[in-house]
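The values are calculated or read from the model by the stated rules, or taken from the named source; none is laboratory data. As the structure is a prediction and not an experimental result, all values here were calculated from the model. Every residue, glycine as well, gets a Cβ built from its backbone with ideal geometry; the counts of neighbours run over all protein chains shown. Accessible surface areas use protein heavy atoms only, side chains included; no ligands, DNA or RNA. Shrake-Rupley method; radii C 1.70, N 1.55, O 1.52, S 1.80 Å.
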Amino acid sequence: MTVPSRATLEKLTPVLTKRWLSPDAWRRDVYEQLDGYAALRKALAVAPDDLIQLIKDSGLRGRGGAGFPTGLKWGFIPQGDGKPHYLVVNADEGEPGTCKDLPLMTHDPHSLVEGVIIASYAIRANRAYIYIRGEAVHAARRLRNAVAEAYAAGYLGTDILGTGFDLELVVHSGAGAYICGEETALLDSLEGFRGQPRLRPPFPATHGLYASPTVVNNVGTIASVPYIVLGGAAWWKSMGTEKSAGPMIYSLSGRIANPGQYECGLGITLRELIELAGGMLPGHNLRFWTPGGSSTPLLTAEHLDVPLDFEGVAAAGSILGTTATQIFSDQDCPVYATYRWLEFYHHESCGKCTPCREGNYWMVRVYRRILAGQGTQEDLDTLLDTCDNILGRSFCGLGDGATSPVTSSLKYFKQDYLDYIEGRTAPMLSEKTLVGAH
């Protein structure tokens with residue numbers, strides 16, 4: 001196991017994760033001893049528009065994958081329109097390899113609750129929802145307990161801390177559909193409908209939950225807000241890079257000594273993250289990896305020193321996404337890994353649009369043929385042609401994300417495909433998987 005150097009250890013910037021190792025940090029009394037709800041008191045003493053400007057000045061960008069400027073999104077909410085305003089927190093974390101929101105909600109749920117109250121005050125919302133994945137039972141229990149404690153302390157409900165601001169907060173457990181991570185599908189699910197994406201425009205900022213102005217933010221985004229209120233915009237921008245400010249929780253998994261969550265300033269490299277994680281496992285050499293989850297194009301060992309921020313990863317031909325860094329070695333097969341990811345996207349497709357519904361269905365079957373030793377070179381053209389018909393043509397980003405591992409693995413590892421097709425690599429799947437695959 002590699003021992004990180006002092007310079008690399010200094011890359012760690014525990015902000016959102018700083019309370020995780022504190023005993024019982026999920027309880028309100030412990031949270032309050034560790035600066036909890038101090039930001040709320042500070043925030044309620046200033047005008048809502050000043051809070052929105054603070055978030056703009058901080059450069060905070062969405063932690064859910066797209067990286068959209070948070071303050072700008074809050075500023076889109078029309079004021080004085082006579083409609084109720086809503087804040088919805090997207091806690092439907094479910095992409096393979098992604099694991100930063102669940103530990104945050106489990107170990108430090110009050111940071112999210114406090115962020116919700118501050119954000120709701122800023123956008124003049126009197127009702128907020130945390131939409132959490134149905135399988136996340138333990139995290140949901142912790143959240144509901146935190147909400148109950150916040151109500152008991154007067155942080156939620158009517159006339160919060162004597163300021164005249166009212167807020168009701170509901171923790172809603174979804175049915176476990178990955179598509180509900182897409183914000184408009186989440187809103188439909190929250191309203192009691194089947195979780196399917198909506199046609200945009202109109203956008204949630206004006207026609208969101210119950211056709212009213214709505215802000216939808218990720219867990220990490222909202223949980224960052226109290227720290228920015230307490231520390232200030234300049235402090236937040238002192239971490240990360242000029243265009244990608246602040247720290248980020250990187251979820252490392254795969255062929256490394258110590259998988260887990262590592263919070264560092266945006267712009268750290270994979271080489272440094274692997275060093276923090278104790279290095280690669282003995283006998284394993286890095287071959288390919290995902291910078292932001294399975295829906296982001298694969299990168300290779302040649303990209304070890306790419307800055308892991310929004311601009312750096314994009315320049316390398318991928319997407320920062322959810323910073324779910326899955327690390328694969330020379331003992332892993334990129335064709336099989338892509339097949340397993342594609343099975344997930346095929347299974348999770350809501351079926352609303354033809355490109356995603358049919359395209360993923362047929363690509364799974366092409367992969368089964370290839371991995372069973374029954375593929376042809378024409379299958380590779382079929383895969384690329386199918387991706388071309390999905391990318392930019394599906395109703396939401398699920399279809400686009402499903403094409404990422406396919407096109408990137410063919411770009412970097414075409415020979416691995418040919419080795420299955422031409423018989424140099426033994427079949428990974430048996431012929432019984434081909435039933436219905438032709």
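So for the range 143-162 (the condition being of a type in the set (Asp, Glu), closer than 20 Å to Asn217 by Cβ and touching a residue at least 12 places away in the same chain (Cβ under 8 Å)), does at least one residue qualify? Scanning the range 143-162, I find no residue that is of a type in the set (Asp, Glu), closer than 20 Å to Asn217 by Cβ and touching a residue at least 12 places away in the same chain (Cβ under 8 Å), so the answer is no. Please determine whether any residue of the range 407-418 is in contact with a Pro (Cβ under 6 Å, 6 or more places away or on another chain), of a type in the set (S, T, N, Q) and touching a residue at least 24 places away in the same chain (Cβ under 8 Å). There is at least one residue in the range 407-418 that is in contact with a Pro (Cβ under 6 Å, 6 or more places away or on another chain), of a type in the set (S, T, N, Q) and touching a residue at least 24 places away in the same chain (Cβ under 8 Å).
Screening the candidates Thr290, Thr323, Thr354 for the property of being within 29 Å of Thr425 (Cβ to Cβ) and of a type in the set (S, T, N, Q) yields one hit, Thr290. Does Ala211 satisfy being open to solvent by 20 Å² or more (accessible area, probe 1.4 Å), farther than 30 Å from Val15 by Cβ, among the hydrophobic types (A, V, I, L, M, F, W, C) and touching a residue at least 40 places away in the same chain (Cβ under 8 Å)? No, not satisfied.
Each residue in the range 273-294 was checked for being modelled with pLDDT of 95 or more, open to solvent by less than 40 Å² (accessible area, probe 1.4 Å) and out of contact with any Leu (no Cβ under 9 Å at 6 or more places or on another chain), and 3 pass.
Tell me yes or no: at least one residue of the range 163-175 is at pLDDT below 95 and surrounded by fewer than 19 Cβ atoms within 10 Å (Cβ to Cβ).
yes
Residue-by-condition table, conditions (1) out of contact with any Gly (no Cβ under 7 Å at 6 or more places or on another chain); (2) among the hydroxyl-bearing types (Ser, Thr, Tyr); (3) over 18 Å from Asn90 (Cβ atoms); (4) not in a loop (DSSP other than H, G, I, E, B):
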| position | (1), (2), (3), (4) |
| --- | --- |
| Tyr121 | yes, yes, yes, yes |
| Glu135 | no, no, no, no |
| Ala140 | yes, no, no, yes |
| Arg144 | yes, no, no, yes |
| Ala150 | yes, no, yes, yes |
| Ile179 | no, no, no, yes |
| Thr184 | yes, yes, no, yes |
| Arg198 | yes, no, no, no |
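Looking at Ala125, Ala139, just one residue is in contact with a helix residue (DSSP H, G or I) (Cβ under 6 Å, 6 or more places away or on another chain) and open to solvent by less than 30 Å² (accessible area, probe 1.4 Å), and that residue is Ala139. Residue selection: Asp108 satisfies the criterion of being buried (at least 24 other Cβ atoms within 10 Å of the Cβ) and under 28 Å from Phe165 (Cβ atoms).
Condition (residue is open to solvent by 50 Å² or more (accessible area, probe 1.4 Å) and out of contact with any Cys (no Cβ under 8 Å at 6 or more places or on another chain)) applied to the range 85-98: is it met by at least one residue? Looking through the range 85-98, none of the residues is open to solvent by 50 Å² or more (accessible area, probe 1.4 Å) and out of contact with any Cys (no Cβ under 8 Å at 6 or more places or on another chain). The single condition among (1) touching a Leu at 6+ places or on another chain (Cβ under 6 Å); (2) among the hydrophobic types (A, V, I, L, M, F, W, C); (3) over 24 Å from Thr323 (Cα atoms) that Ala119 does not meet is (3).
Scan the range 142-154 for residues that are surrounded by fewer than 18 Cβ atoms within 10 Å (Cβ to Cβ), out of contact with any strand residue (DSSP E or B) (no Cβ under 7 Å at 6 or more places or on another chain) and closer than 17 Å to Trp26 by Cα and jot them down. Selection gives Asn145, Ala148, Ala152, Ala153. Could you list all residues from the range 21-69 that are aromatic (Phe, Trp, Tyr) and modelled with pLDDT of 95 or more? Across the range 21-69, the qualifying residues are Trp26, Tyr31, Tyr37.
Residues in the range 11-59 that are within 30 Å of Leu270 (Cα to Cα), of a type in the set (S, T, N, Q) and open to solvent by 70 Å² or more (accessible area, probe 1.4 Å): none. Taking the stated definitions as given, is Gly399 in a helix (DSSP H, G or I), under 29 Å from the mean Cα position of the chain (by Cα) and under 22 Å from Pro197 (Cα atoms)? In short, yes. Considering Tyr361, Tyr417, Tyr345, Tyr336, the condition of being open to solvent by less than 30 Å² (accessible area, probe 1.4 Å) and more than 18 Å from Glu182 (Cβ to Cβ) is satisfied by Tyr417 alone. Residues of the range 152-175 that are in contact with a helix residue (DSSP H, G or I) (Cβ under 7 Å, 6 or more places away or on another chain), assigned to a strand (DSSP E or B) and more than 13 Å from Ala140 (Cα to Cα): Gly157, Leu167, Leu169.
Hey, can you tell me all the residues within the range 319-341 that are part of a loop (DSSP other than H, G, I, E, B) and within 15 Å of the chain's Cα centre (by Cα)?
Ile319, Leu320, Gly321, Thr322, Thr323
For the range 300-319, the set of residues classified as surrounded by 18 or more Cβ atoms within 10 Å (Cβ to Cβ) and either closer than 20 Å to Thr8 by Cβ or among the aromatic types (Phe, Trp, Tyr) (or both) consists of His303, Val306, Pro307, Leu308, Asp309, Phe310, Gly312, Val313, listed by residue number. Looking at the structure I just gave you, is Leu308 under 14 Å from Ile268 (Cβ atoms), hydrophobic (A, V, I, L, M, F, W, C) and touching a strand residue (DSSP E or B) at 6+ places or on another chain (Cβ under 8 Å)? Spelling it out, Leu308 is indeed under 14 Å from Ile268 (Cβ atoms), hydrophobic (A, V, I, L, M, F, W, C) and touching a strand residue (DSSP E or B) at 6+ places or on another chain (Cβ under 8 Å). Checking each residue in the range 233-259 for being open to solvent by less than 70 Å² (accessible area, probe 1.4 Å) and over 24 Å from Trp289 (Cα atoms) picks out Ala233, Trp236, Met239.
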